[in-house]
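These notes are about the structure you will find just below.
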Amino acid sequence: MMMEEEELEFSEDLEAILNLTPEVQLAIEQVFPSQDPLDRADFNAVEYINTLFPTEQSLANIDDVVNKIRLKIRRLDDNIRMVVRGQTNVGQDGRQALAEAQVAIGQLFGKIKDIKDKAEKSEQMVSKQTKHSQTTSQEPSCLPCLKLQGVCD
């Protein structure tokens, strides 16, 4: 494939990607209102350049216009970097929150195990007490008397 054909294909692919449905375009305009002609869905580069340089004499200011555009590009790049860093921080915050949640879950399971162990010990003690009560209730009712008399040792 020749270079021009590749560029044309790339241009067509880019055009297909950048063509948003009217619903998506409207949603973007509602969320991010803008008066900048570069943000419009129907942006026309030739018309934009003609508004910047309506006459041949206005081309004398081309350096100023180019510098303004470069400044705008720098600001956009800075904004993009800031958003990307913010997303990175969100990811790190999410990983940290997940790690903290995992530690808390581990501690919770430890406490649940402790409670379960204590409940089992309590159950064993109650069982022993119940058995002891049953054996003492089967002893003769006059046990203290018999003990005093030396019968029960």
- Take segment 65-82 and flag every residue that is open to solvent by 90 Å² or more (accessible area, probe 1.4 Å) and more than 23 Å from Asn19 (Cβ to Cβ). Lys68, Arg70, Arg74, Arg75, Arg81, Met82
- Top-ranked residue of segment 21-55 - restricted to ones that are under 17 Å from Ile69 (Cβ atoms) and acidic (Asp, Glu), ranked as most open to solvent (accessible area, probe 1.4 Å): Glu47
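The values are calculated or read from the model by the stated rules, or taken from the named source; none is laboratory data. Just so you know, these numbers come straight off a predicted model, no measurement behind them. Please note: Cβ atoms are built from the backbone with ideal geometry, for glycine as well, and neighbour counts cover all protein chains shown. Heads up: the accessible areas ignore ligands, DNA and RNA and are worked out on the full protein's heavy atoms, side chains in. Shrake-Rupley method; radii C 1.70, N 1.55, O 1.52, S 1.80 Å.
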